[in-house]
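Asker: For reference, the structure I am asking about is given below.
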Amino acid sequence: MDTPSLIATAPAGTFRGLVNRGVRSWRGIRFALPPRGDRRWRAPVAAPDADTETETDATVFGPVCPQPENPAIPLGEGAVQDEDCLSLNVWAPAADADTARPVMVWLHGGAYTFGSSSQPLYDATSMVASGDVVVVTVNYRLGALGFLDLTAALPHGGFDSNLALRDVLLALQWVQRNISAFGGDPDRVTVFGESAGGGLVTTLLATPAAQGLFHRAIAQSSPASSVYGRERATRVADRFLSALGVDAADAGAAQALRAAPVTAVVAAGATVYSDIPTTDPGTLAFAPVVDGDLLPEAPITVLREGRGIPVPLMIGTNKDEASLFSFMKSPLIPITGERIDRMFADMATENPGVELPTRAQVLTAYEHVRHRAIGLGVARDIGFRLPTLWVAEGHSSAAPVWLYRFDHASPFLHLIGLGATHATELPYLWGNLVSGPKDLTFRLGGRRIAEVISARMQARWTAFAHGNAPDAENAPAWPSFTVDGAHPRATLVIDRHDLVVDDLDGELRRAWGDATLSFS
């Protein structure tokens, strides 16, 4: 057997990677100049091509974007935080192929504030080996460094909007230009992501500049409606400036912002991250912004009306999305009755022409739910499930759509009340079921069935990337989502045994009505 070549010569340079378990990887490849100093809060600048005669070591992950500490999101042993974080990683099968392989570009989650492309969870070895694909995982700027819009708060400061979205677009351009050197097909690129990464995917579908940079999309637990306008973004920017101790009226404010220690920027961002969902329930401090330029309209509006980039889409959520936020006492999602009521009042004020469902009408969807769990259901549905249904309904008029719900949970996760909560599908998708000796997920069993589910999920996701229907052997065929027809509103329920259910969310839709509910 030939020794796999670990050298990839691309327009961007010549990169030396490594091989493990039959999969090659190239890590920490820079795609943009360091966004620090004068380039902080500016659009990313593409890294210059390296001399192809000189090998660039690509065996070590690059730095992660500076962020608050979060024990729930391990960044990996030896992870270094630095603003010079705009890098990507490529995984490919060790054996060369006669034809270029489909490419899957991953956008990690983490509430737009946490995480990294190099998290151990996102090691693509299993997915690449089983699915015969090339996987790219991308770093983008996070929190205040990536999602703060200072353009209105400091209009003459030379700042740009939607920095993280621009990072992702630049990374996708890098893929188009370079991925063939790694055995990938630039004409078969699937962009996929979860949570904040899923939100970036649905936002990309409404971003005109993304046209042609990807050909299929997968959005997992996307907060698709949590994208706001300039007015709200400016209020967040004002609070950030206050937390950092910078006066916008000061002639040197822009210079002070660029000179501030990154630790101070992260700390001020963390303050705003916690405060905003408390004072404005149902909203996030950091998210993409409808800036009228790169992102002309709210993605949920564009996609609900079937005007998104017309590429095939897989989209879905988890059955118990909100339980994680309750378990972690996170302020991000309103769960208590008082905060939910306040969210609805604020939403009514912002949408005077929209007929919101009454409280009694909404509660009909939760008649069989324990009283203490009603808030979790409302939070799950307004934050994730309903936006996902709105996207599926609208986009299915523009391109094929497949809708899913992930219902499986190990016995231990059932016991502690988490169930199939937010992000629990990820270990199954990536085939990295256990994160270490302290991982309790399978303490009460369930590992064997988890491996079966993982294999099915990987088969479905990679079949989709290959351009096929997302089907797997010895499992039900997954019909595409249509509002009527033989399988109206078909949904794949992923569990011990996959099941296709027509109009799984019918009761939910009838209770909430047809209006798109969001903040501007």
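Asker: Determine the percent antiparallel among the DSSP beta bridges restricted to the chain, to the nearest 5.
Answerer: 35 percent
Asker: Please sort 139-146, 88-95, 321-328, 499-506 by packing, taking for each peptide the average over its residues of neighbouring beta carbons within 10 angstrom, highest first.
Answerer: 139-146, 88-95, 321-328, 499-506
Asker: Another question, if that's okay. So how strong a dipole does the range 311-398 carry about its Cα centre when Lys and Arg Cβ are +1 and Asp and Glu Cβ are -1, to the nearest 20 debye?
Answerer: Using only the charged Cβ atoms, the result is roughly 360 debye.
Asker: Right, here's the next one. Ranking request for peptides 358-369, 203-214, 465-476: highest mean number of other beta-carbon atoms within 10 Å first, then the rest in descending order.
Answerer: 203-214, 465-476, 358-369
Asker: Once Lys and Arg get +1 and Asp and Glu get -1 on their Cβ, which of Thr271, Gly445, Leu284 lies farthest toward the positive end of the dipole of the chain?
Answerer: Positive-most Cα among the choices belongs to Gly445.
Asker: Related question: Put +1 on the Cβ of each Lys and Arg and -1 on the Cβ of each Asp and Glu in the range 1-121; which of Ala95, Leu33, Pro68 then has its Cα farthest toward the positive end of the dipole?
Answerer: Farthest towards the positive end: Pro68.
Asker: In whole Å, how far is the Cα centre of the range 462-506 from that of the range 160-185?
Answerer: Taking the Cα centre of each part, the range 462-506 and the range 160-185 sit 30 Å apart.
Asker: In percent, how large is the relative contact order of the range 10-81, given Cα pairs closer than 8 Å and 6 or more residues apart?
Answerer: Computed over the range 10-81, the figure is 38 percent.
Asker: Continuing with this model, one more query. May I ask you to derive the FRET efficiency for Arg510 and Gln211 from their Cβ-Cβ distance with R0 = 35 Å, giving the value to the nearest 0.05?
Answerer: Working: r = 36 Å, r/R0 = 1.02.
So the FRET efficiency works out to roughly 0.45.
Asker: While we're on this one: How charged is the neighbourhood of Leu213? Take every other residue with its Cβ under 14 Å from the Cβ of Leu213, and add Lys/Arg as +1 and Asp/Glu as -1.
Answerer: +1
Asker: Counting other C-beta atoms within 10 Å, and keeping those with at most 12, which DSSP coil GluC sites (Glu not before Pro) do you find in the range 57-119?
Answerer: The qualifying sites are Glu69, Glu77.
Asker: Oh, and also: Distance between the C-alpha centers of the range 187-225 and the range 36-100? Whole Å please.
Answerer: Cα centroid of the range 187-225 versus Cα centroid of the range 36-100: 20 Å apart.
Asker: Please get the size of the charge dipole for the chain, origin at its Cα centre, with Cβ charges of +1 on Lys and Arg and -1 on Asp and Glu, quoted in debye to the nearest 20.
Answerer: 720 debye
Asker: What does the extension gain come out to for Ser274 and Thr336, with contour length at 0.36 nm per residue minus their alpha carbon separation?
Answerer: Here the answer is 20.7 nm.
Asker: Fully extended, how many nm does the chain gain between Asp82 and Asp293 (0.36 nm per residue separation, minus their Cα-Cα distance)? Show your work: numbers first, answer last.
Answerer: Working: separation 211, 0.36 × 211 = 75.96 nm, distance 2.88 nm.
Extra length from Asp82 to Asp293 when fully extended: 73.1 nm.
Asker: Can you list the HN-Hα couplings for the range 58-65, worked out from phi with the Karplus curve (6.51, -1.76, 1.60; θ = phi - 60°), rounded to whole Hz and with x for Gly and Pro?
Answerer: Ordered by residue, 3J(HN,Hα) equals 10, 10, 10, 4, x, x, 9, 5 Hz.
Asker: Pop the C-beta distance of Glu55 and Asp132 into the FRET formula with R0 = 25 Å and round what comes out to the nearest 0.05.
Answerer: Efficiency for this residue pair is about 0.40.
Asker: Taking a ≥ b ≥ c as the square roots of the eigenvalues of the Cα gyration tensor of the range 365-489, is the shape rounded (a/c under 1.5), prolate (a/b larger than b/c) or oblate?
Answerer: Taking the square roots of the gyration eigenvalues as a ≥ b ≥ c, the range 365-489 is oblate.
Asker: Another question, if that's okay. Work out the FRET efficiency for Leu440 and His156 from their Cβ-Cβ distance, taking R0 = 45 Å, and round it to the nearest 0.05.
Answerer: 0.25
Asker: What residues have an amide H closer than 5 Å to that of Gly184, excluding those fewer than 5 places away on the same chain, when H is modeled at 1.01 Å from N in the peptide plane?
Answerer: Correct list: Arg101.
Asker: Using the crude model of +1 on Lys and Arg Cβ and -1 on Asp and Glu Cβ, and no other charge, please compute the dipole size for the range 191-344 relative to its Cα centre, in debye to 20.
Answerer: 260 debye
Asker: Between Asp495 and Gln361, 0.36 nm times their residue separation minus their Cα-Cα distance comes to what?
Answerer: Stretched fully, the Asp495-Gln361 segment lengthens by 45.2 nm.
Asker: Just from its helices, what would the mean residue ellipticity at 222 nm be for the chain, if runs of 4 or more DSSP H residues each count -39500 (n - 2.57) and the sum is divided by every residue, rounded to the nearest 500 deg cm²/dmol?
Answerer: One gets -9000 deg cm²/dmol as the mean residue ellipticity at 222 nm.
Asker: Could you rank the peptides 411-424, 439-452 by their average count of other C-beta atoms within 10 Å per residue, with the highest value first?
Answerer: Highest to lowest by the protection proxy: 411-424, 439-452.
Computed from the coordinates by the stated procedures, all read-outs in this text should not be read as laboratory data. None of these values were measured; they are calculated from a predicted model. Virtual Cβ from ideal backbone geometry, glycine too; neighbours counted across all protein chains shown.
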